[in-house]
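The values are calculated or read from the model by the stated rules, or taken from the named source; none is laboratory data. Small disclaimer: the values here were computed from a predicted structure and weren't measured. Neighbour counts are summed over all protein chains in view; Cβ atoms, including those assigned to glycine, are modelled from backbone coordinates with ideal geometry.
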Amino acid sequence: MKKLLQTVLKSPKYSNVSEDLIRNIGGRELSKRRNLKTAVKATKNKLHQIGGAYFLKKPEYNAWLKRLEAAKRAGNDESFRKICAEIMSYHYSTRERLEILDEFYTKIYSLIPPVHSVIDVACGFHPVAIPWMPFSGKVKYCACDVYRDMMEFLGKFLVMTGVGGYAEVCDVVQHVPDSRADLAFVLNAIPCLEQVDKSAALRVLESINSSFLAVSFPVRTLGGREKDMRKYYEARFKKLTEKKEWSIQRIEFKSEMVFLVEKEASTKQKVDEQ
Ligand SMILES: C[S@@+](CC[C@H](N)C(=O)[O-])C[C@H]1O[C@@H](n2cnc3c(N)ncnc32)[C@H](O)[C@@H]1O
């Protein structure tokens, strides 16, 4: 395992990935494969599918921080948001969401009580959308993903936006952040988590300590094809949650399908179309 970990971390593309995640995937691959070389290759492939494939360009964390700080110092909110939008365009999931940003949060936040604490699971660049989120009053935002450099950047970004909280490196298949929240985002992440462990999705949703979950699925493949993905993921999410007494509303957006889950609802599970 040590050799596999060292070899994967040597590759510039994976040098910032959580060691826990590499051990998790690598251990599974070592038990299935003939030798170290094929296990390393399979581990890198999986890391690409669940994370690497979503980067459209190499992130420029230091340059972004400098530009964001300059906009903040100048008190130029418009310029700050413009830089945020540019950052989000580097990652497939946030780029897809750019054209629906205002509508996305207005709709979700209108269906739940005021949000003062958020957990953002497998967050990617999603916390960079904080300037579009209709928070009122003090907010604590806890974000996690598997990239160390991304979490370092997001930690500094959170400080800049004035919300409390933290960004931590975490393999949520093994451990879900334990803070308590009003709302948890699990955006476009379920298919990635299931690639590591088929049973991870429900376990993660159950263990998140939040009154509401916004769980979303992409409606297009990374290649841009639609292929009936709405129907497919709706059926899968229904099956995944069929034994839970959660209240679930489906919200359709042009580029994403969201299931808003009220975990503490005593009503029988139902999927309503909004
Ligand atoms: C499709 S992207 C979604 C990003 C973000 N939630 C959004 O919708 O903008 C999936 C994200 O899950 C992260 N991820 C994959 N497996 C993970 C794991 N086991 N633990 C934490 N994050 C994970 C990837 O690094 C990637 O940022």
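Number of residues in region 225-267 that are part of a helix (DSSP H, G or I), exposed (fewer than 15 other Cβ atoms within 10 Å of the Cβ) and modelled with pLDDT under 95: the value is 2.
What strands (runs of 3 or more DSSP E) completely inside region 102-207 contain at least 1 residues that are within 10 Å of the ligand (Cβ to nearest atom) and under 22 Å from ILE248 (Cβ atoms)? Give the derivation first.
Values: elements: 117-121, 140-145, 164-169, 181-187.
In region 102-207, the matching strands (runs of 3 or more DSSP E) lie at 117-121, 181-187.
For region 65-82, enumerate the residues that are outside any loop (DSSP other than H, G, I, E, B) and either within 16 Å of the ligand (Cβ to nearest atom) or without any contact (Cβ under 8 Å) to a residue 60 or more places away in the chain (or both).
LYS66, ARG67, ALA70, ALA71, ARG73, ASP77, GLU78, SER79, PHE80, ARG81, LYS82
Of ALA39, ALA85, all but one fail to be within 16 Å of the ligand (Cβ to nearest atom) and in contact with a Leu (Cβ under 7 Å, 6 or more places away or on another chain); the exception is ALA85. The single condition among (1) surrounded by fewer than 16 Cβ atoms within 10 Å (Cβ to Cβ); (2) at pLDDT below 95 that ALA63 does not satisfy is (2).
Give me the residue from region 161-174 that is of a type in the set (A, V, I, L, M) and either in contact with a strand residue (DSSP E or B) (Cβ under 9 Å, 6 or more places away or on another chain) or surrounded by fewer than 21 Cβ atoms within 10 Å (Cβ to Cβ) (or both) and, out of that set, nearest to SER199 (Cα to Cα). By that ranking, first place goes to VAL172.
Residue pairs whose Cβ atoms lie under 8 Å apart, separated by 6 or more positions or on different chains, with the first residue in region 1-19 and closer than 18 Å to LEU36 by Cα and the second not in a helix (DSSP H, G or I), are VAL8/TYR14; VAL8/VAL17; LEU9/SER15; LEU9/VAL17. Here is the figure for region 175-199: residues that are over 21 Å from SER247 (Cα atoms), among the small types (Gly, Ala, Ser) and surrounded by 13 or more Cβ atoms within 10 Å (Cβ to Cβ) total 1.
Conditions tested, residue by residue: (1) among the charged types (D, E, K, R); (2) touching a residue at least 40 places away in the same chain (Cβ under 8 Å).
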{"position": "ASP182", "(1), (2)": "yes, yes"}
{"position": "PHE185", "(1), (2)": "no, yes"}
{"position": "ASN188", "(1), (2)": "no, yes"}
{"position": "LEU193", "(1), (2)": "no, yes"}
{"position": "SER199", "(1), (2)": "no, no"}
{"position": "VAL204", "(1), (2)": "no, yes"}
{"position": "LEU213", "(1), (2)": "no, yes"}
{"position": "SER216", "(1), (2)": "no, yes"}
{"position": "ARG220", "(1), (2)": "yes, yes"}
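Filtering region 208-218 to residues that are within 14 Å of the ligand (Cβ to nearest atom) and out of contact with any Asp or Glu (no Cβ under 6 Å at 6 or more places or on another chain) leaves ILE208, LEU213, ALA214, VAL215, PHE217, PRO218.
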